[in-house]
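Engineer: Below are the structure tokens for one structure; questions will follow.
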Amino acid sequence: MKTTQHFVNLLIAVALIAALPGPVQACGPFFPDRILVESDQFFLQLPYSRFSYEARQVPVPYEPAFRVVPPSVGEHETPGEALVRQTQQLDLEELGRVLEAVQPDDAQRQKILADYWMVREVLSAAARTRDKWVQDVWFGEGRGPAPTLTGPLAVPDGLPGEFADYLRGAIAYWQNDMDTARRAWQDLLRLPADERRHRSTWAAYMLGRSYLSTDAAQAMGWFRKVGELAKEGYHDSLGLAAASLGWEAQIALRQRHYATALELYRVQLAAGEISAPISLLLAARHAAADAGPEERAVCAANPTARRLITAYLLCASVLEWDPRVVAWLDSFRTLETPVDEAERLAWAAYQTGNLPLTAAWLARAPEQAPIATWLRAKLLLREGKITQALPLIAQVATHFPRDRDFRVNRETGELSGVFDELRAQAEIGGIRLGRGEYVAALDVLVQGVDMDSDRHWLDVAYVGEQVLTLTEFKEFVDRRWPTAVEGSGDTKKRGIGERMRYLVARRLARHGQLEEALPYYPADIQSHFRQYMEGLRSGKNAGQPRKQRAEALWAAAQATRHRGMEFLGTEADPDWAWVEGSYDLGTTRSQRPKTGVNRATQEELSRAAGHRPRPDRRYHYRYLAADLAWEAGALMPDQSEDTARVLALAGTWLKNIAPKEAERFYKALVRRCGKTRLGQEAQLRRWFPEVSGEVAAPSQ
């Protein structure tokens with residue numbers, strides 16, 4: 001039946017997505033969009049749309065008479081296997097109902113069904129084998145001709161005529177005996193109308209399939225016959241009338257009748273065919289790549305074909321700068337295209353770098369259309385007219401469609417940079433930052449953050465942590481989020497207000513303003529931070545006994561080492577608390593473009609350089625923890641096992657990331673605690689001994 005076609009389409013979908021270019025990490029984690037590190041090559045781009053979305057916006061040339069009947073796909077099934085199962089199940093159910101009407105003997109009825117099931121199971125196995133072969137061929141693993149059914153297989157006695165004829169044809173079809181198959185199905189269609197209500201559409205459909213590779217006209221005629229039979233009331237439980245549209249389209253595509261193929265696939269999409277977007281994409285791609293002047297003219301004059309090819313040009317980044325795109329756009333330009341298409345055509349022209357053609361189409365586009373408005377802004381930015389462009393981008397951010405399906409990408413891959421109202425806000429933020437409007441830039445960038453994916457969050461973190469002064473940043477957050485925000489306790493699920501206050505907390509703490517920082521921390525961290533503060537206060541108090549100070553400083557050192565990321569870590573570089581320090585995405589300051597619309601000014605870069613943590617190194621808090629441990633050790637006695645453990649552990653914190661800084665702990669361990677077990681082991685190793693655990697408190 002229709003198994004192979006559907007499965008091939010789904011394989012094509014997988015292959016296309018896998019092959020599409022885009023700024024997607026090949027492996028490892030997904031990193032969100034960061035507007036501030038984009039050069040003008042990307043900043044001045046407009047998105048490539050998603051073809052599946054665009055295709056559905058194209059009006060249907062005519063409503064489909066019938067709907068697709070998709071199978072339910074089980075958890076461990078392929079789509080092809082689900083279609084085979086659906087076909088066999090419906091076949092047996094319909095035969096059972098017919099037998100109840102014509103065969104009164106229950107025992108005989110059950111025998112016929114059992115015999116039929118056995119034959120049907122063999123055919124289903126052949127169909128599954130064929131689908132597996134198709135899959136293997138697609139992925140380069142299959143070789144040789146398609147597998148066929150071998151061995152004798154007989155039609156059971158007692159079957160109603162139409163079921164017997166159809167089964168006879170199916171057996172021959174899977175045995176690659178097309179002449180016998182066609183004769184059987186044509187015999188079925190010559191039966192009186194009342195004797196072939198259930199298998200007429202099946203026979204006509206398979207006759208079409210049998211002629212696909214040998215006689216396109218015959219195949220097309222039989223596929224159209226399926227729809228005629230369904231309209232006359234013949235049963236179409238598998239939705240073959242809708243499936244036939246796809247085969248008609250495929251024939252038209254082979255004959256280079258692109259407009260016809262695109263119309264048929266669009267109708268099939270409206271009928272509910274899940275593979276239709278992929279079929280449309282392939283048809284549009286063939287038209288874009290292969291059509292000659294006459295064929296382009298036919299497509300340009302056909303509203304459905306014209307819109308679908310335009311949709312493809314919006315999505316296919318691989319065609320950027322391709323002269324064939326320009327040829328298509330020129331074909332469209334000679335026609336009186338509707339105003340609502342002008343926006344998309346301007347969009348496609350912009351993708352090719354044809355700015356005069358972009359401007360020409362924009363002159364005909366609706367004034368308030370969001371993409372057209374964005375395009376006008378991009379053209380102004382290219383001319384250096386930033387002041388005029390800003391309100392247009394703000395208009396995009398305000399009036400962008402709220403249709404959640406309209407989230408278009410820089411590339412056709414679904415994981416690439418998304419363009420929507422948040423992207424527009426981020427662009428405004430980037431432009432304002434380049435103009436030295438630092439607080440205003442942060443205000444807009446915050447509005448461009450997507451809390452689910454963290455898009456543009458790292459841009460916000462950079463401006464808040466490095467560009468604004470501490471006073472500017474704190475005042476900004478106090479105005480927007482003046483009181484503590486109740487949070488979830490999960491760092492990744494905190495709301496924007498809680499996360500912004502948390503940035504302030506850590507920046508204050510890095511500046512030593514611990515008391516002021518405390519209320520800005522999330523509630524689930526405040527108690528731990530309070531203990532940390534008390535430890536520091538006690539350890540720094542010269543009026544306290546040495547032992548008590550050492551205990552407090554060591555406790556603070558351990559807290560700084562093990563909770564330093566949440567107490568002090570920078571959200572972006574150098575610590576990357578955003579990913580809990582697991583990855584280093586580089587230095588934002590050095591990645592900022594130095595030229596173009598999205599450029600950083602020297603003042604911004606100077607600000608960013610002056611607001612770095614001290615020391616300006618990844619995991620900077622580990623160095624602070626080591627300094628506290630050094631102070632604790634200085635208050636502890638020589639030749640003490642506890643002193644040795646403090647020096648060994650603190651040195652271990654640094655030995656892999658900063659061996660030179662760790663060396664002082666090694667030397668002190670050998671010099672001050674050379675008679676201890678750890679000190680002696682250090683002398684033998686000439687480096688730090690293996691040590692685990694923490695020292696709760698020095699014993700003396």
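Engineer: If neighbour count is taken as other Cβ atoms inside 10 Å, put Tyr53, Tyr258, Tyr312 in order from fewest to most.
Structural biologist: Ranking Tyr53, Tyr258, Tyr312 by Cβ neighbours within 10 Å, fewest first, gives Tyr53, Tyr258, Tyr312.
Engineer: Once phi is turned into ³J(HN,Hα) by the Karplus curve 6.51 cos²θ - 1.76 cosθ + 1.60 with θ = phi - 60°, what whole-Hz value does each residue of the stretch 506-522 show in order, with x for glycine and proline?
Structural biologist: 5, 5, 4, 5, 5, 8, x, 8, 5, 4, 5, 6, 3, x, 8, 6, x
Engineer: Oh, and also: If you filter the stretch 334-381 for GluC sites (Glu not before Pro), then keep DSSP loop positions with at most 10 other Cβ within 10 Å, what is left?
Structural biologist: In loop regions of the stretch 334-381 (DSSP not H, G, I, E or B), the sparsely surrounded GluC sites (Glu not before Pro) are Glu336, Glu367.
Engineer: What number, rounded to the nearest 500 deg cm²/dmol, is the helix-based mean residue ellipticity at 222 nm of the chain, given -39500 (n - 2.57) per DSSP H run of at least four residues and division by all its residues? Could the numbers behind the result be given before it?
Structural biologist: Working: 33 runs with 429 residues, N = 700.
Result for the chain, helices only: -19500 deg cm²/dmol.
Engineer: Going by how many other beta carbons lie within 10 Å of each one, how would you line up Val446, Val339, Val119, Val37, fewest first?
Structural biologist: Val339, Val119, Val37, Val446
Engineer: When only Cα pairs under 8 Å and 6 or more residues apart are kept, what is the percent relative contact order across the stretch 636-685? Before the final figure, lay out each step's value.
Structural biologist: Working: 55 pairs, mean separation 20.2, N = 50.
Rounded, it is 40 percent for the stretch 636-685.
Engineer: Over the stretch 566-630, what relative contact order in percent results from Cα pairs under 8 Å that are six or more residues apart?
Structural biologist: Relative contact order, the stretch 566-630: 32 percent.
Engineer: Once you list every other residue whose beta carbon is under 12 Å from the beta carbon of Ala219, what net charge do they have if Lys and Arg are +1 and Asp and Glu are -1?
Structural biologist: +3
Engineer: Spelling out what I want: for every residue of the stretch 657-665, take phi, set θ = phi - 60°, compute 6.51 cos²θ - 1.76 cosθ + 1.60 (Karplus), and round to whole Hz; glycine and proline get x.
Structural biologist: 9, 8, x, 5, 5, 6, 4, 5, 6
Engineer: From the backbone phi of the stretch 156-163, what are the Karplus-calculated ³J(HN,Hα) couplings (6.51 cos²θ - 1.76 cosθ + 1.60, θ = phi - 60°) in whole Hz, Gly and Pro given as x?
Structural biologist: With the stated coefficients, the stretch 156-163 comes to x, 6, x, 6, x, x, 5, 5 Hz.
Engineer: Related question: Return the distance in nm (one decimal) between the two label points of a simple spin-label model at Ala125 and Ser237, each offset 7 Å from Cα along Cα→Cβ.
Structural biologist: In this crude spin-label approximation the distance works out to 2.4 nm.
Engineer: Could you please state, rounded to a whole Å, how far the C-alpha centre of the stretch 263-319 is from the C-alpha centre of the stretch 76-109?
Structural biologist: Taking the Cα centre of the stretch 76-109 as reference, the centre of the stretch 263-319 is 38 Å away.
Engineer: By how many degrees, 0 to 90 and rounded to 10, does the Cα axis of helix 79-102 deviate from the longest principal axis of the chain?
Structural biologist: Once rounded, the angle reads 40 degrees.
Engineer: What residues have an amide H closer than 5 Å to that of Asp450, excluding those fewer than 5 places away on the same chain, when H is modeled at 1.01 Å from N in the peptide plane?
Structural biologist: Result for Asp450 returns Arg455, Trp457.
Engineer: Which chymotrypsin sites (Phe, Trp or Tyr not before Pro) does the stretch 560-596 hold that lie in a coil by DSSP with at most 12 other beta carbons within 10 Å?
Structural biologist: When the chymotrypsin sites (Phe, Trp or Tyr not before Pro) of the stretch 560-596 are filtered for loop state and at most 12 Cβ neighbours within 10 Å, Tyr583 remain.
Engineer: Which angle between 0 and 90 degrees, to the nearest 10, do you get for helix 258-270 versus the longest principal axis of the chain when only C-alpha atoms count?
Structural biologist: 70
Engineer: Further, regarding this structure: Quick one: which residues, 5+ away or cross-chain, put their amide H under 5 Å from the amide H of Tyr48? H built at 1.01 Å from N.
Structural biologist: Asn409, Arg410, Glu411
Engineer: Radius of gyration and Dmax for the stretch 636-685's Cα atoms, expressed in Å?
Structural biologist: In Å, with Rg to one decimal and Dmax whole: 9.8, 28.
Engineer: How far is helix 200-210 tilted, in degrees, relative to the longest principal axis of the Cα atoms in the chain, given as a value from 0 to 90 rounded to the nearest 10?
Structural biologist: 70
Engineer: When we measure straight from the Cα of Lys540, which aspartates and glutamates land under 18 angstrom away, once same-chain ones fewer than 8 places off are left out?
Structural biologist: Excluding near neighbours in sequence, the set is Glu515, Glu551, Asp627, Glu631.
Engineer: For the stretch 418-521, which GluC sites (Glu not before Pro) are both in a DSSP coil and crowded by at most 16 other Cβ atoms within 10 Å?
Structural biologist: Those that pass, being in a loop and sparsely packed, are Glu437, Glu486.
Engineer: To continue, here is another question. Per residue Cα convex hull volume for the chain, in cubic angstrom?
Structural biologist: So the per-residue hull volume is 233 Å³.
Engineer: On a 25 Å Cα-Cα criterion, which of the cross-link pairs Lys655/Lys675; Lys111/Lys225; Lys547/Lys675; Lys547/Lys667; Lys385/Lys594 come out too long?
Structural biologist: In this structure, Lys111/Lys225 lie more than 25 Å apart at Cα.
Engineer: For Ala484 and Leu355, what is the calculated FRET efficiency with R₀ set at 45 Å and r taken between the beta-carbons, to the nearest 0.05? Can you show the working numbers first?
Structural biologist: Details: r = 51 Å, r/R0 = 1.12.
Computed FRET efficiency for Ala484 and Leu355 comes out at 0.35.
All of the numbers you see were taken from the coordinates with simple rules; none came from a lab. Quantities reported herein were computed from a predicted structural model and do not represent experimental measurements. Because the Cβ atoms are built from the backbone with ideal geometry, glycine has one as well, and the counts that use them run over all protein chains shown.
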